[in-house]
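Worksheet: one structure, shown below.
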Amino acid sequence: QVQLVESGGGLVQAGGSLRLSCAASGIAFAIRDLDWYRQAPGKQRDLVATITSGGDTSYADSVKGRFTISRDNGKNTVSLQMNSLKPEDTAVYYCHVLRRGLNYWGRGTQVTVSS
């Protein structure tokens, strides 16, 4: 059974930093591409960052230069370091993996950035 559990969200002032983590189980972690998405109230869920099995990374334009995605295959975790946070980064952040054609999501972690 695939499980993704996010942690690390919270309330932070604009300009601050947070580090999100996602612990994965039930998958062959090292061979999977992993993603972080976010969803603000009343908006669609958007892709924030991806890290491939080979360690290549890509980011949404809105977070480039501020967010860094990383993975630890020994601990089956994927992290998102978020710096220079802005109020528009406020959202629920979700960890995601695609396995055998199925999408798996965590429950999400709330990030709130105050101005």
Find how many whole Å separate the alpha carbon centroid of the stretch 1-31 from the alpha carbon centroid of the stretch 33-109. 8 Å
How far apart, in nm, are the 7 Å Cα→Cβ label points at Gln44 and Ser70? 3.2 nm
So with the 1.4 Å probe, I'd like the accessible area per residue for the stretch 54-115, rounded to whole Å². 54 Å²
Estimated inter-spin distance, Leu11 and Thr57, nm [label 7 Å along Cα→Cβ]: 2.9 nm
Taking the mean number of other Cβ atoms within 10 Å as a proxy for protection, how do you rank 91-97, 42-48, 79-85 from highest to lowest? 91-97, 79-85, 42-48
Within straight cross-link reach of Lys86, meaning Cα distance under 19 Å, which aspartates and glutamates are found once same-chain residues fewer than 8 apart are removed? Asp46, Asp61
Vicinal HN-Hα couplings computed from phi for the stretch 64-69 (Karplus, 6.51 cos²θ - 1.76 cosθ + 1.60; Hz; Gly/Pro x): 4, x, 10, 10, 9, 9
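Cβ under 14 Å from Asp72's Cβ, Asp72 left aside: what net charge do those residues give with Lys, Arg +1 and Asp, Glu -1?
Charge balance in the 14 Å sphere: +4.
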Output wanted: per-residue J couplings in Hz (rounded whole) for the stretch 47-56, from phi through Karplus 6.51 cos²θ - 1.76 cosθ + 1.60, θ = phi - 60°, x for Gly and Pro. 6, 9, 7, 10, 10, 7, 4, x, x, 6
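What is the stretch 1-62's relative contact order, in percent, from Cα pairs under 8 angstrom and six or more apart in sequence?
Relative contact order here is 24 percent.
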Val2 to Ser114: FRET efficiency via 1/(1 + (r/R0)^6), r the Cβ-Cβ distance, R0 35 Å, to the nearest 0.05? 0.55
Percent RCO, i.e. relative contact order, over the chain, from Cα pairs under 8 Å lying at least 6 residues apart: 36 percent
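The values are calculated or read from the model by the stated rules, or taken from the named source; none is laboratory data. This structure is a prediction, so every number in the text was calculated from the model and none was measured. For neighbour counting, all protein chains shown are included, and Cβ atoms are generated from backbone atoms with ideal geometry for every residue, glycine included. The area values use the complete protein model at the heavy-atom level, side chains included, leaving out ligands, DNA and RNA. Shrake-Rupley method; radii C 1.70, N 1.55, O 1.52, S 1.80 Å.
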